[in-house]
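Nothing in this text is a laboratory measurement; each read-out follows from the coordinates by a stated rule. Just so we're clear, the structure is a prediction, and the values are computed from it rather than from any experiment. Ideal geometry is used to build each Cβ from the backbone, glycine not excepted, and the neighbour counts take in all protein chains shown.
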């Protein structure tokens with residue numbers, strides 16, 4: 001594996017993917033969600049540290 005692949009893999013493994021009650025999915029670094037409980041929605045502050053996947057992939061994904 002190239003160095004670039006190792007870096008990407010390391011970054012991906014440090015992320016979590018969260019679905020909210022409206023069906024949106026967010027990609028977040030686990031370190032940014034230290035107090036997050038699965039099954040709950042992200043707070044507005046937590047959302048600021050995450051990326052809305054629909055903005056990256058588009059609605060047709």
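Could you please find all residues in region 34-48 being surrounded by fewer than 10 Cβ atoms within 10 Å (Cβ to Cβ) and part of a helix (DSSP H, G or I)?
44, 45, 48
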Check your understanding: What tally of residues in region 19-31 results from selecting those that are touching a residue at least 12 places away in the same chain (Cβ under 8 Å) and either surrounded by fewer than 12 Cβ atoms within 10 Å (Cβ to Cβ) or within 10 Å of residue 47 (Cα to Cα) (or both)?
Key -> 6
Practice item. Restricting attention to region 7-18, report how many residues are surrounded by 12 or more Cβ atoms within 10 Å (Cβ to Cβ) and either within 16 Å of residue 47 (Cβ to Cβ) or in contact (Cβ under 8 Å) with a residue 60 or more places away in the chain (or both). Key: 3
